[in-house]
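Working notes, structure below.
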Amino acid sequence: MSLKLEVQTLQRVPMFANIEAARLKLLAFASERVSFPPGDILFRQGDDSDAAYVILKGQANVNLNSGDQVITVASIGEGSFVGEMGIISDTPRTATIEAVEEIEALRISRDVFINMIKEFPMMALEVMKELVSRIENTNAKLAAVSRKG
Amino acid sequence: MERNLFKYVWHHSRKEQITVLSVVLISLPFYFYSLTVPKLIVNQAIQGEAFQDGTEKAPFFEINLGLPEFLGGQSFQLSSGIMLEQIPYLISLCLLFLAFVFINGGFKFYINLSKGAMGERMLRRLRYSLFERVLRFPPFHMKNVKSAETATMIKDEVEPLGGFIGDAFVQPVFLGGQAITAMAFIVVQSFWLGLIAGGIVAVQTAIIPRLRRRLLILGKQRQLAARELAGRVGEVVDGVTVIHVHDTSNYERAEVSARLGVIFGLRYAIFKRKFAVKFMNNFLAQVTPFLFYLVGGYFAITGRLDIGQLVAVIAAYKDLPSPIKELIDWDQRRLDVQIKYEQVINQFDPDGLMPAELQDPNLGTDEVLDGMLKLSNVTVNDKSGGPPLLMALNLEQPFKTHIAIVGPLGGGKEAFGRLMARFEWPDSGRINIAGHVLEDTPEAISGRRFSYLGPEAVMFQGTLFDNLVYGLKHRPLKEASYNQQELVNRKTEFVLARRTGSSLDDINADWIDYDSAGASGPEDIEDQVLRVMKIVQLDGDVYGFGLRGKIDAGNSPELSEQFLEARVLMRELLRDQGMTDLIEAFDPDVYNKNTSIGENLLFGTPVGDRFKEKNLAGDPYIREVLRTSKLRRPLLQMGVTIAETMVEIFEGLPPGHELFGQFSFISSDDLGDYEKIVGRWNNAGHNSLSKDDRRMLLSLPFMYVEPRHRLGLLSDELTDKIVWARKFFADNISEDDHEFVEFYDPVRYNSEASLQDNVLFGRVGPGQSGVQSKVEKLFSEIFDKLGLLDEVYQVGLQFNVGSGGKQLSAVQRVQTALARNLLKRPDLLILNEATSVLSERLERDIIHRIREDRKDFGVISVLKSPELAEEFDYVAYLEDGKIVEQGSPAELKAKRGSYAALVAA
């Protein structure tokens, strides 16, 4: 898969959907193409956040450690963007991502991501929009939960 | 040191000076006789005076010795000569003339050579003794010494002395003799004219030096200004980081500019003075003939002097000014070098210079020191007048006790460390270590039996190994093995060194004291080095240096063979583990997609700059290869595509943005140019491009690596062509060009590539998770299996640490310095906050291991963090320069005093 296809995948990520193709191309170009065999860990809960990943191909599990138990809380696939919260807030990983199938992904390092946001305000705005919508989403869920409770 | 340059020179070169002087005197008669030969040729041979009486033959080489009147005035004929006709007579005289030319030339050659050699020998002696004194400067003096200034003094400032030393005695004798002869001649001819000439000479010798006195002062100031400039430049270079951090580069510019201005001003003043003096000198020289013509003419007209005499006087006078002038010049130089000499000597004569005996290598002992460490009433005053650094210290412990020194910052623990290393001297009281009074202990004992490391780890340019064994090089222990010629050279050098009072020790001898490191010789010293590397936990780094290091297959054929074996094994293991896809091997017949097009084409390691990736597009041979293999067009097209993409995605980023540096093929400066080139190509096609445009475009694809850049530009057709071009490149490369590339060859070791590249002999593709660590595991497995681990470490020890160890990190420098101190196995190891740069965990680990390694030897460690003191045998707590508490950690804790409070904090 070449840069062009990667850009197409990036365009499907909500956070990047409204960003010009040329910028996404730069983002893809400055990122590293990585692959993980099944069972490999993309990153581990509690590790330092050094990069975010866009899954280009394959399925992965999002696992949470609680005590001695490992709980799989979600399954992600092509077009998923993971680890972005950690690199924005510079906090440790909140979950572990484990490849279920052979994974192809774009590894966007923290430096590159921050640099892009600094340089292109449109991108910062899109990131904000995405985060706001997530908060709204969470608020809505909270409201729903408290109504039920 | 002798303060008077003349006494210094005379003292050290009396014999040589006298020899040269005698040769000068012997040469004079030859010189005068050679002047008369041309006269003989003209008068006797050509004009035929010798044949006047109609004789056909005249005696040649007739030597008569006439006795003076009071001895009877008889004449003896020593040689009756040979009778020759006119033409042979002429030829013989001419040959005689030629012989004199040779003889005089020979004298001159000998005299100049002797003078030069004498000067250089003195210079060597002087430089050596200056340097030797630097090694004996007392530690507190070192604080005010600028290294660059010291270097210029030893190197540049004494340089003019060398030229002068040869002339110091010869010149005045020679010139003075000439001048006196000429003067005497004039006086004999006419007393009055002699008086005039003498008067002018007297005026010259009185006035000129006076005029020049100011010149000397200026010269002195210039020398100081130049020296300070050197010191300042050295300081700026050493402290350049501070300049960048504080944006003071413009201040430094102004400062150095001001200094240069001062030097210019001084120089200009010197020139003015110098040429004024010259004018005066010339004027006085011409006044004399003026007076001769006037007064002499008057005497001649009035008949008190005959014309012949006048002419003779004027002729003799011609010989007078130049020796006088040169004598004055000589005197000038004398004063000048005397001042230079004094100025330099002053800088090398500080108070408290260590006596040379302290560094006598023969006073050392190989015996292990044992006994008590005893400080009685030791006080160290502050040189700047503050309260004492250390006050009435008393401490007595067995030598082998591990002592920790703790306390608040500035409480005296740092001074204590320096005191133990003799960087501070006790002003009163006494330190006794195992029966040796510390102050009087020669360095041969303190440097071999003790060891000290302060907060600064000093490294010298050289390999890691050199730096580690540096602490073992006290004296030459085993003579170097020389071949016949080298032995002769060494003997010559030895004689010269003795003649110039320099060190007689052979730098090529083996200086390493293997014994003290616990090794038996060069064969097993590495074991000990590795042992201490493990203690300071630098072994992993050394292994890494080894992997990235190079070996020369020419110099160590066996070793390179072994690593080739490792290459084969590596391939097998990769195949077994199904990793051959991840690490693509270099195959002469296959395009390696994990490396750039440039590397694929070259298929080797560039040696020097010629075939570096960025230079490929401009190289004539590469152009030829591209033409023949029909790669020019496709690569150009590829360059356009890359340029277009780069312009598209990097547009809008501010110039110099870090994304450019990290990811772009094109620097931000060139982006605009490429944009224009792409525009021209799109509008008018290939032919619109200039030669430069094409070179710029061609340079892009050489850097292209498909899996990394992912522009989808490689086709099978293209890679086949590149592989074909690779073969053409290798087959047709000229012998001259061949030295710029070392080709990849599956069955040959590549001396230009690193060890790991040689074993892996392929490239890891980008973005393969975990491959790197798997490969690392394979490396250690293979080296273990083939018994090559030690060899890798050996290569790692050859790592060049760079000037001042700058190629190492600060932590690695401290580790290396610790290892150097441990390798020596000193009876007492003193650490003065040596480990405080290390991370807390590493420091704790290393201190622990050091203590374990030194169970039977002493350790005194000044610690920054008091927690580390817990594990020591004995603790001294220093505050306000006094030992407030001392005892075992447990005792002190029980006391609940200052130490307990410090640990608890």
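Listing for the model above:
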| item | result |
| --- | --- |
| Lysine pair count for the range B:593-741 [Cα-Cα under 16 Å; pairs on different chains or 8 or more apart] | 4 |
| Dipole of the range B:723-863, positive end: most advanced residue of B:PHE728, B:GLN798, B:LEU829 [Cβ charges, Cα centre] | B:LEU829 |
| Relative contact order %, chain B, counting alpha carbon pairs below 8 Å whose residues are six or more apart | 16 percent |
| Cα centroid separation - the range A:1-56 against the range B:541-565, whole Å | 40 Å |
| Cα-centre dipole for chain B with unit charges at Cβ (Lys and Arg positive, Asp and Glu negative), debye to 20 | 3740 debye |
| Residue (of A:PHE43, B:SER190, B:SER668) at the positive-pole extreme of the protein assembly as shown, dipole from beta-carbon charges | B:SER190 |
| Low-density loop cleavage sites - GluC sites (Glu not before Pro) in the range B:419-462, where at most 14 other Cβ are within 10 Å (DSSP) | B:GLU456 |
| Spacing of the two label points (7 Å from each Cα toward its C-beta) at B:SER688 and A:GLN11, in nm | 2.9 nm |
| Relative pair counts by distance (%), Cα atoms of the range B:580-637, 10 Å bins | 20, 49, 26, 4 |
| The protein assembly as shown - percent of accessible surface contributed by carbon and sulfur, probe 1.4 Å | 55 percent |
| Estimated FRET transfer efficiency when R0 is 22 angstrom, pair A:ASP111-B:HIS244 (beta carbons, to 0.05) | 0.50 |
| With eigenvalues of the C-alpha gyration tensor scaled by 5 and rooted, the range B:593-741, Å | 26, 17, 15 |
| Of the DSSP H helices in chain B, those whose Cα atoms cover at least 27 Å axially and whose Kyte score averages -0.5 or more | B:5-40, B:86-134, B:170-189, B:191-238, B:249-291, B:557-576 |
| Most mobile listed residue (A:ILE117, A:ILE135, A:ILE41) in chain A, GNM with C-alpha springs under 10 Å | A:ILE135 |
| Charge dipole magnitude, Cβ of K and R +1, D and E -1 - the protein assembly as shown, Cα centre, debye nearest 20 | 3960 debye |
| Computed lengthening from B:MET83 to B:GLN286, 0.36 nm per intervening residue step minus Cα-Cα distance | 68.2 nm |
| Those lysines that a straight Cα-Cα span of less than 24 Å connects to A:LYS141, excepting residues fewer than 8 apart in one chain | A:LYS129 |
| Stretchable slack from B:GLU235 to B:GLU252, in nm (0.36 nm times residue separation minus alpha-carbon distance) | 5.0 nm |
| Computed over the range A:3-148: relative contact order in percent, which uses C-alpha pairs under 8 Å that are six or more apart | 30 percent |
| Ranked order, B:TYR452, B:TYR341, B:TYR514 - accessible area, probe 1.4 Å, largest first | B:TYR452, B:TYR514, B:TYR341 |
| Mean projection area, nm², convex hull over Cα of the range B:665-742 | 7.5 nm² |
| In sequence order, calculated HN-Hα J values of the range A:23-38 (Karplus, 6.51, -1.76, 1.60; Hz; x Gly/Pro) | 5, 5, 5, 4, 4, 5, 5, 7, 9, 10, 7, 10, 10, 10, x, x |
| Long-range Cα-Cα pairs in the range B:93-229 (distance over 23 Å), rounded percent | 63 percent |
| Per residue, the convex hull volume that the Cα atoms of the range A:2-74 enclose (Å³) | 114 Å³ |
| Area of B:GLU742 that stays accessible when all protein chains are in place (1.4 Å probe, Å², to 10) | 40 Å² |
| Qualifying aspartates and glutamates (Cα of each under 12 Å from Cα of B:LYS864; at least 8 residues distant if same chain) | B:GLU414, B:GLU833, B:GLU840, B:GLU843 |
| Coordinate range along principal axes, alpha carbons of chain B, Å, largest first | 118, 90, 58 |
| Nearest-0.05 FRET efficiency for B:VAL458 and B:ARG498, computed from C-beta distance (R0 30 Å) | 0.40 |
| Residue of A:VAL13, A:VAL73, A:VAL54 that the Gaussian network model of chain A assigns the largest fluctuation, springs spanning Cα pairs under 10 Å | A:VAL73 |
| Relative contact order of the range B:593-741, defined on C-alpha pairs under 8 angstrom at six or more residues apart (%) | 47 percent |
| q = 0.23, 0.30 Å⁻¹: log10 I(q)/I(0) that the Debye formula gives for the range B:193-234, counting C-alpha atoms only | -0.75, -0.90 |
| Where B:PHE728, B:PHE779, B:PHE109 fall by accessible area, highest first, once all protein chains stay in place (1.4 Å) | B:PHE109, B:PHE728, B:PHE779 |
| For the protein assembly as shown: rounded, prolate or oblate by the Cα gyration tensor [a/c cutoff 1.5] | prolate |
| Positive-end residue, the range B:746-872 charge dipole about Cα centroid, Cβ charges, pick of B:SER839, B:SER773, B:ALA819 | B:SER773 |
| Convex hull of Cα atoms in the range B:328-389, direction-averaged projection (nm²) | 9.0 nm² |
| Ranking by accessible area, most exposed first, for B:HIS436, B:HIS244 with a 1.4 Å probe | B:HIS244, B:HIS436 |
| With all protein chains modelled, accessible area of A:GLU98 [1.4 Å, Å²] | 60 Å² |
| Inter-centroid distance (Cα atoms) of the range B:142-209 relative to the range B:316-374, Å | 22 Å |
| Descending semi-axes in Å of the range B:172-287, equivalent ellipsoid built from Cα gyration tensor | 51, 14, 8 |
| Equivalent ellipsoid semi-axes, the range A:65-149, via Cα gyration tensor eigenvalues times 5, rooted, Å | 25, 22, 13 |
| Most mobile of A:VAL70, A:VAL127, A:VAL82 in a GNM of chain A (Cα contacts under 10 Å) | A:VAL70 |
| Compactness of chain A - radius of gyration and Dmax, Cα, Å | 15.9, 50 |
| Simple label model, 7 Å out from Cα along Cβ direction - B:TRP192 to B:SER888, nm | 11.0 nm |
| Principal axis box of the range B:401-480, alpha-carbon based, largest edge first, Å | 47, 29, 25 |
| Projected area averaged over orientations for the range B:144-354, convex hull of C-alpha atoms, nm² | 15.2 nm² |
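The values are calculated or read from the model by the stated rules, or taken from the named source; none is laboratory data. Fair warning: this is a prediction, and the values are worked out from it, not measured in the lab. Virtual Cβ from ideal backbone geometry, glycine too; neighbours counted across all protein chains shown. All accessible areas refer to the heavy atoms of the entire protein, side chains included, with ligands and DNA or RNA removed. Shrake-Rupley method; radii C 1.70, N 1.55, O 1.52, S 1.80 Å.
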